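As structure tokens, the structure follows; a few thoughts come after it.
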Amino acid sequence: MRKPVMLIGLSTAAVVGAGAFGVAAWTPQSSNLVTASGDEVVVYVSPPGEGDGGSAGDGGSAGDGGSVGDGGSGGEMGSGDGGGLAGGGTEMAAKSSSGGGSGSSGGSGSSKVNVTSLDEAEDALRQKGATKGTVLVKGGRYKGQSFTWSYMPAGGEFTIKPQPGTGRPVFDGGGQDGYWTSVAAGDAKLHFRGMTVRNYVTGGIHFDGSKGGGGFSGGSVRNMIFERMGTIERGDRGYAALHLQNVNNIDIANNDFWDLRNRLDEAAGTNPGQVHGIYFSEGGGKGSTVSGNTFHKITGDPVRASDGAGGIRVTGNTFKSTGWYGVFTFWRFDRDRDCSTGSMFSGNTYGDGHPRRSEATGKMKTQNFKGAPTRSGQDFKGAECKPEPIRNGSNSYAPNAGISMVNKG
């Protein structure tokens, strides 16, 4: 059941009709939960039965889940006082720039919407006609949630990030097939910040553009953890933690991509592969940066581009036990008619590939990438063009170097 929309004035409580969200009144004392800034309005998502989330909205500690910790990247997330998010609840806040019931366009009013999932948060923004929004996710463990984001209005900009003072949100797919989220093409910018996504077989975030139609320009993925994805234990297909279909000018920085593996199917004679950390496909890539990330234990090439995607700068990352053909590779399919150009691999620290069974000998083998961390495609015989080789700057080959996560789980 959805929570009611709550409208807060600057000095007096307001009571408004909210369509499917119902009607509610708030006291002036509650207004510190929402910060209005210009056109931006804020919306919260809380677990079922937790009300308005207490004082966490203004950066203070949450009343029932404020101290959230994790036993490490592979452990289960718990709460310091037992107040975790059992039942897969979410707490979200979105600031909306619509007029009418959401307050004046000059920011003289603000609104608060409580919902229990990211799907409902997006729906709340759509109903309000928001063009700017911040979705604040309360720290804790969210089991088995996935969602589709299709609200991408022209000029819009939305951020999904943790609610201050409540710890890190962890979305655990429990081994389910599919992506954690799929984003529809549009003219808005979408930012993901500071969350952990694990145990989704196909991958984490799919920006679902199409080469001949709508795509994406702008947006970012920062300080996220993507871990334990692929078919290593179950499922049909592991693809990529970030699948970027016709995406340009995206900033991917300070994330961790760990333990992304497809299983070895010895009966079928196939090797693990396919699953990647970041995959630019269906064109795009122009003006995009991949920087300051860690990539560890990935059976496919950790950064892959295809379908003419180019103009990608991969700088200042660390790679350990990742890839088979290379660390940053371009791939061409028979359907392709475009060449990849303008990509750079520079300032990175990398080791050798992930162990894999040799088709020739049947023995496990690890590729040595010393001096050759990039590869621009397979056999291009008969192709209309060859891709421009990925340019290599000054990188450090360090197969025995240690690696640690940028973020804490």
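The values are calculated or read from the model by the stated rules, or taken from the named source; none is laboratory data. Not measured: the values here are computed from a predicted model. Please note: Cβ atoms are built from the backbone with ideal geometry, for glycine as well, and neighbour counts cover all protein chains shown. Note: accessible area is taken over every heavy atom of the protein model, side chains too, but ligands, DNA and RNA are not part of it. Shrake-Rupley method; radii C 1.70, N 1.55, O 1.52, S 1.80 Å.
Numbers at a glance
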{"read-out": "Whichever residue in the range 157-189 is open to solvent by less than 40 Å² (accessible area, probe 1.4 Å) and of a type in the set (S, T, Y) and, among such residues, is modelled with the lowest pLDDT", "value": "T166"}
{"read-out": "Where F192 falls short, out of the listed (1) closer than 23 Å to N254 by Cβ; (2) part of a strand (DSSP E or B); (3) open to solvent by 10 Å² or more (accessible area, probe 1.4 Å); (4) in contact with a Lys or Arg (Cβ under 9 Å, 6 or more places away or on another chain)", "value": "(3)"}
{"read-out": "Residues of the range 302-311 satisfying the condition of being part of a loop (DSSP other than H, G, I, E, B) and modelled with pLDDT of 95 or more", "value": "P302, G311"}
{"read-out": "Output for the range 196-241, where each listed residue is of a type in the set (A, V, I, L, M) and closer than 16 Å to A184 by Cβ", "value": "I205"}
{"read-out": "Number of the condition not met by T202 [criteria: (1) surrounded by 23 or more Cβ atoms within 10 Å (Cβ to Cβ); (2) within 10 Å of the chain's Cα centre (by Cα)]", "value": "(2)"}
{"read-out": "Evaluation of F216 against (1) more than 18 Å from L125 (Cβ to Cβ); (2) surrounded by 24 or more Cβ atoms within 10 Å (Cβ to Cβ) (one fails), failing number", "value": "(1)"}
{"read-out": "Contacts under 7 angstrom Cβ, first residue in the range 352-375 being at pLDDT 85 or above, partner loosely packed, with under 12 Cβ neighbours inside 10 Å and in a strand (DSSP E or B), 6 or more apart", "value": "P355/M364"}
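Residues checked against (1) open to solvent by 40 Å² or more (accessible area, probe 1.4 Å); (2) at pLDDT 90 or above; (3) on the phi < 0 side of the Ramachandran plot:
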{"position": "R313", "(1), (2), (3)": "yes, yes, yes"}
{"position": "N317", "(1), (2), (3)": "no, yes, yes"}
{"position": "R332", "(1), (2), (3)": "no, no, yes"}
{"position": "P387", "(1), (2), (3)": "no, no, yes"}
